[in-house]
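Take a look at the structure set out below.
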Amino acid sequence: MIKYLKHSRINKEKWDETIKNSQFPVVYAMSWYLDRVCPGWEALVDRNYRSVFPLTRNRKFGIHYLYQPFFTQQLGLFSTKKNADLKDFIDKIPAKYKFVQISLNESNLLPEGNWKKNVNQTFHLDLDQDIDGIREAYSENTKRNLKKAQKHELKVIRNDRFSDLIRLFRENRGGELKDLKDRHFIMLLDIMEESHRRDLGCAYSVYTEKGEYCAGAFFLESFDRFIFLFSATDSTARKNGAMPALIDHFIKQHCNRKVILDFEGSNLRNLVRFYSGFGAKPVYYNGLIINRLPKAIRWLKQGANE
């Protein structure tokens with residue numbers, strides 16, 4: 001029996017145990033992470049928490065909807081059972097949610113139904129070999145960028161001053177991404193600091209030969225993987241190979257382990273080329289879209305998205 005639970009009724013201890021023991025354990029679905037990306041999140045839970053489905057909800061203009069929070073790549077159904085039925089959970093999404101646009105996870109096979117789906121991709125690099133073996137699969141372009149970084153005598157170090165990384169991003173790309181507001185950067189800093197307290201997060205910085213901070217990235221450890229959660233570069237880094245040098249440094253630090261580096265993927269051609277340049281392979285997961293909006297509002301929303 002699947003129950004709809006408001007936030008105050010969720011047993012987070014049982015919830016987290018289910019995520020940890022599910023067929024696709026991932027940090028995005030842990031209660032501490034959901035508390036930060038979607039305060040007041042709700043849930044669908046079956047008997048004894050053997051299967052759970054987070055409802056990342058919001059309300060706008062009086063309309064309740066489900067959305068995919070920033071810095072949260074995959075959610076959906078998490079189960080300790082092999083035969084958990086995703087359709088049963090989708091059908092139990094409360095009718096009050098008039099619009100649903102969320103990403104499921106890699107283990108969720110989305111059946112046909114009264115909904116739409118889209119296909120997203122991420123890129124995975126297996127770190128279970130030595131650095132020389134991994135580097136052999138680098139593209140020629142990646143190898144050229146690493147030689148360029150070496151020529152510029154870049155220095156890569158671990159640097160957990162997360163606010164500096166966010167500031168670098170905002171000073172260089174912040175104005176380009178209108179959807180990212182102040183509250184999202186506050187949320188991101190909270191995620192970074194909390195994951196660091198839990199020994200799950202770390203950041204690396206790249207400095208030029210003059211000691212100038214030009215690139216940085218934050219990695220989040222999530223069970224069997226490291227997630228390339230957030231990065232930033234300035235105009236200098238785009239010319240001196242700083243980000244390839246940072247990622248290569250991280251790979252060297254963490255190779256020979258049964259873990260994956262998850263680049264968090266993209267459908268953008270330039271990013272596909274960049275991630276695959278390290279030998280990473282595409283992995284696909286589905287997005288779920290349900291539109292129960294009144295026709296007039298539905299028409300306005302469709303027009304706004306064109």
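So what does the Cα-only Debye profile of the chain read at q = 0.08, 0.14 Å⁻¹, as log10 I(q)/I(0), no solvent term?
-0.39, -1.13
With viscosity set to 1.567 mPa s at 4 °C, what whole-number translational diffusion coefficient in µm²/s follows for segment 128-258 from Stokes-Einstein and a Kirkwood radius over Cα pairs? Walk me through the numbers before you get to the answer.
Working: Rh = 15.5 Å.
For these conditions, the coefficient is 84 µm²/s.
For segment 1-59, list log₁₀ I(q)/I(0) at each q in 0.16, 0.17, 0.26, 0.29 Å⁻¹, using the Debye formula over Cα point scatterers of equal strength and ignoring solvent, two decimals each.
With one equal scatterer per Cα and no solvent, log10 I(q)/I(0) is -0.42, -0.48, -1.15, -1.39.
So if we plug the beta-carbon distance of LEU5 and ARG183 into 1/(1 + (r/R0)^6) with R0 = 30 Å, what FRET efficiency do we get, rounded to 0.05? Spell out each step's value before the answer.
Numbers: r = 26 Å, r/R0 = 0.85.
Once the sixth-power term is evaluated, E becomes 0.70.
In segment 147-217, what GluC sites (Glu not before Pro) fall in a loop by DSSP, with at most 11 other Cβ atoms inside 10 Å?
GLU153, GLU176, GLU209, GLU212
What FRET efficiency comes out for LYS151 versus ASN118 if R0 is 41 angstrom and r is the Cβ-Cβ distance? Round to the nearest 0.05.
Plugging the Cβ-Cβ distance into 1/(1 + (r/R0)^6) gives 0.45.
Do any trypsin sites (Lys or Arg not before Pro) in segment 1-39 lie in a loop, going by DSSP, with at most 13 other beta-carbon atoms within 10 Å of their beta carbon, and if so which?
Filter output for segment 1-39: LYS6.
So for the chain, averaging the separation of alpha carbon pairs under 8 Å that are six or more residues apart and normalising by length, what relative contact order in percent results? Before the final figure, lay out the partial values.
Details: 551 pairs, mean separation 71.8, N = 306.
So the answer I get is 23 percent.
Taking LYS12 as the anchor, which aspartates and glutamates have their alpha carbon closer than 18 Å to its alpha carbon, excluding any fewer than eight residues away along the same chain?
Here the aspartates and glutamates satisfying the reach criterion relative to LYS12 are ASP35, GLU42, ASP46, GLU194.
Which links in LYS82/LYS117; LYS81/LYS258; LYS3/LYS87; LYS60/LYS116 stretch past 18 Å when you go from one Cα to the other?
LYS82/LYS117; LYS81/LYS258; LYS60/LYS116
Using only Cα atoms, figure out Rg for segment 46-170 and give it as a multiple of 2.2 N^0.38 Å.
This ratio for segment 46-170 stands at 1.55.
Do any chymotrypsin sites (Phe, Trp or Tyr not before Pro) in segment 1-85 lie in a DSSP loop with no more than 10 other beta carbon atoms within 10 Å, and if so, which?
PHE61
What lysines does LYS155 reach when the alpha-carbon gap must be under 21 Å and sequence neighbours fewer than 8 apart in one chain are set aside?
Within the straight-line limit of under 21 Å, LYS155 reaches these lysines: LYS143, LYS147, LYS210, LYS239, LYS252.
Using amide H atoms built in the peptide plane, which far-off residues or other-chain residues are under 5 Å from LEU75 H to H?
Close amide H contacts, sequence-distant or interchain: SER103, LEU104, ASN105.
Relative to the longest principal axis of the C-alpha atoms of the chain, give the angle of the C-alpha long axis of helix 182-197, reported between 0 and 90° and rounded to the nearest 10°.
Between helix and principal axis, roughly 80 degrees.
Each value in this text was obtained by applying a stated rule to the coordinates, not by laboratory testing. From a predicted model like this one, the values you see are computed outputs, not experimental measurements. We place every Cβ from the backbone using ideal geometry, glycine too, and count neighbours over all the protein chains shown.
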